[in-house]
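**Student:** Below are the structure tokens for one structure; questions will follow.
Coordinate-derived values only; no laboratory data. Everything quoted here is computed from the prediction, not taken from an experiment. Here the Cβ positions follow ideal geometry from the backbone for every residue, glycine too, while neighbour counts run over all protein chains shown.
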Amino acid sequence: MVVEKNIKIGVVSCSGEDCLGGTISRMATRKMMDENTAYTVATLCLPLFLAGGEEERGFARKYPTIALEGCSKYCAKRATEKYSGKVSDVLNVADFIGDEMAESKLLSTRNLTDEHMQMINQVLTELRKKLDAIAKDCAVANGSDHELTGNCGCSCGGNK
Amino acid sequence: MSKKIKVIPCSGMGKVFGLAAREAALKAVDELVPDEAETLCLAYVMTGDEAAKDKIEGYDCITLDGCPALCAAKSAAICGGIVKEEYRVVDAFKKHRGIKAGGATTLTEDGWMVVDEIAAQIADKVKELGKEA
């Protein structure tokens, strides 16, 4: 297995308290963090980022970063681009579950249903694809243009 | 804009305390004092949009923070909220040393127990502030 832990990618995720999209984006990001990837994924705490967290802002200046949005206010992207620099990619939960659903009532993780878990997994799948694509670009740029494997420890590209 | 007291958690992504703050705020405003309190999206408030500013400026706030950075308390104050109480979620966990509360993704039963305790404290504070008003 080829592991490129020196490749670091940030995820600035909405952890919003305004609507369901915030719960979905938060959970998708957390699930991503709990996976083993062939590269390093760091979640940048949006509230800390906004409150002046220099470590978070510095990371986003130095490494490619994806903004994961819970709704169409795009708070994560706006904050990252205001304090650090252009994001490498953006993912909006509303694009997967629709604006109406994304902006529906905020939900406790205690009350997540199978339907919500499907939404989370859908966003997670797309997030993983985007992270893999960025990692591949980084590997090419680093001159280590080999296939980065998935999480399962073999070269099949699958996940545990 | 609603006169309800704003309960604002940090909702931090890195540790269990951020999740606990978020869940305690939700329980308080949704179940315990829904007519007297509501939560606000901290990230949106901090964008500086006029609509976001209107939601917090001049309103009584209770903040819940998961780490010593106190992002919720600092941000609420910066945005013009009147922070009446700053809760540090970690203090609630200190009363239950050694418990396995879960992580930043999910909470265990013990974690939910602490969340419920924090939510009850928040609700009491909301009622107290309501009487003062």
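**Student:** For residue A:13, enumerate residues with amide H under 5 Å from its amide H, sequence gap 5+ or separate chain, H modeled in the peptide plane.
**Tutor:** Residues meeting the criterion, in which the H sits 1.01 Å from N, are A:44, A:46, A:68.
**Student:** Using a 10 Å cut-off around each Cβ, can you sort B:75, A:88, B:11 from fewest to most neighbouring Cβ atoms? Show your work: numbers first, answer last.
**Tutor:** Details: B:75 25, A:88 20, B:11 29.
Sorted ascending by nearby Cβ count, the order is A:88, B:75, B:11.
**Student:** So what is the diffusion coefficient of the stretch B:1-122 in µm² per second by Stokes-Einstein at 4 °C and 1.567 mPa s, using a Kirkwood Rh over Cα pairs? If you can, show how the numbers build up before the last one.
**Tutor:** Working: Rh = 14.2 Å.
It diffuses with D of about 91 µm²/s by this estimate.
**Student:** Taking 0.36 nm per residue of sequence separation and subtracting the Cα-Cα distance, how much length would be gained by fully extending the chain between residue B:128 and residue B:108, in nm to one decimal?
**Tutor:** Details: separation 20, 0.36 × 20 = 7.20 nm, distance 3.03 nm.
So the extension gain works out to 4.2 nm.
**Student:** Separate question: If I take every Cα pair under 8 Å that is 6 or more residues apart in chain A, average their sequence separation and divide by the length, what percent do I get for the relative contact order?
**Tutor:** Values: 287 pairs, mean separation 48.6, N = 160.
Answer for chain A is 30 percent.
**Student:** Now for a different question. Find how much the distance from residue A:6 to residue A:112 grows on full extension, using 0.36 nm per residue of separation minus their present alpha carbon separation; answer in nm with one decimal.
**Tutor:** Details: separation 106, 0.36 × 106 = 38.16 nm, distance 3.50 nm.
My answer for the length gained is 34.7 nm.
**Student:** Under a point spin-label approximation (7 Å from Cα along Cα-to-Cβ), what is the residue B:51-residue A:54 distance to one decimal in nm?
**Tutor:** Output for this residue pair reads 3.6 nm.
**Student:** Using Cα springs under 10 Å in a Gaussian network model of chain B, which residue among B:20, B:73, B:101 shows the largest mean-square fluctuation?
**Tutor:** Judging by the Gaussian network model, the answer is B:101.
**Student:** Taking each residue in B:13-24, count the Cβ atoms of any other chain within 10 Å of its Cβ, then average. What number comes out?
**Tutor:** On the way: counts 15, 8, 1, 0, 0, 5, 4, 0, 1, 9, 3, 0.
Counting other chains' Cβ atoms within 10 Å and averaging over B:13-24 gives 4.
**Student:** For residue B:60, which sequence-distant residues (separation of 5 or more, or a different chain) have an amide H within less than 5 Å of its own amide H, given hydrogens modelled in the peptide plane?
**Tutor:** Those qualifying (amide H under 5 Å, at least 5 residues apart or on another chain) are B:6, B:82.
**Student:** While we're here: Highest GNM mean-square fluctuation, chain A, Cα pairs closer than 10 Å: which of A:77, A:130, A:62?
**Tutor:** A:62
**Student:** Moving on to the next point. Among A:137, A:132, which comes first, then next, by fewest other beta-carbon atoms within 10 Å? Please list the in-between numbers first.
**Tutor:** Details: A:137 13, A:132 17.
Going from least to most buried by this count: A:137, A:132.
**Student:** Ok, one more. So which of A:86/B:55; A:62/B:55; B:53/B:74 end up more than 24 Å apart, counting from Cα to Cα?
**Tutor:** Listed pairs above 24 Å: A:86/B:55; A:62/B:55.
**Student:** Just to check I understand the Karplus step: with θ = phi - 60° and J = 6.51 cos²θ - 1.76 cosθ + 1.60, what whole-Hz values come out for the stretch A:77-90, glycine and proline as x?
**Tutor:** The phi angles translate into 5, 4, 5, 4, 6, 6, 9, 10, x, 4, 7, 6, 6, 9 Hz.
**Student:** Still on this model: Report, to two decimal places, the Cα Rg of the stretch A:4-141 normalised by 2.2 N^0.38 Å (N = number of residues).
**Tutor:** On the way: Rg = 14.2 Å, N = 138, 2.2 N^0.38 = 14.3 Å.
This ratio for the stretch A:4-141 stands at 0.99.
**Student:** Through the Karplus equation 6.51 cos²θ - 1.76 cosθ + 1.60, θ set to phi - 60°, convert the phi angles of the stretch A:103-119 into ³J(HN,Hα) values in whole Hz; use x for Gly and Pro.
**Tutor:** Once rounded to whole Hz, the list reads 9, 6, 4, 4, 10, 6, 5, 5, 10, 5, 9, 4, 5, 5, 5, 5, 4.
**Student:** For the stretch A:7-36 and the stretch A:72-148, compute the distance between their C-alpha centroids and round to whole Å.
**Tutor:** 7
**Student:** Further, regarding this structure: Under 13 Å from a point 7 Å along the Cα-to-Cβ line of residue B:15: which residues of the stretch B:62-96 have their amide N that close?
**Tutor:** B:65-71, B:88-94
**Student:** Cut-off is 10 Å between beta-carbons; in what order do A:23, B:105 appear when sorted fewest neighbours first?
**Tutor:** Details: A:23 28, B:105 17.
Ascending number of Cβ neighbours within 10 Å: B:105, A:23.
**Student:** For Cα pairs less than 8 Å apart in space and 6+ apart in sequence, what is the mean separation divided by the residue count of chain B, i.e. the relative contact order in percent? Show your work: numbers first, answer last.
**Tutor:** On the way: 244 pairs, mean separation 40.8, N = 133.
Relative contact order comes out at 31 percent.
**Student:** I've got another one for you. Given the options A:103, A:55, A:115, state which has the largest fluctuation in a GNM of chain A using a 10 Å cut-off (strictly under) for Cα springs.
**Tutor:** A:115
**Student:** Let me ask something else about it. Considering every residue in A:37-50, what mean count of other chain Cβ atoms within 10 Å of its Cβ is obtained?
**Tutor:** Numbers: counts 0, 0, 0, 0, 0, 1, 4, 2, 12, 8, 20, 11, 3, 10.
Neighbouring Cβ atoms belonging to other protein chains average 5 per residue here.
**Student:** Hey, can you grab everything whose amide H is under 5 Å from the amide H of residue B:39? Only 5+ residues off in sequence or another chain; H modelled, so Pro and N-termini drop out.
**Tutor:** B:7
**Student:** Just the Cα atoms of the protein assembly as shown, one point each, no solvent: what log10 I(q)/I(0) does Debye give at q = 0.12 Å⁻¹?
**Tutor:** Summing over Cα pairs of the protein assembly as shown leads to -0.74.
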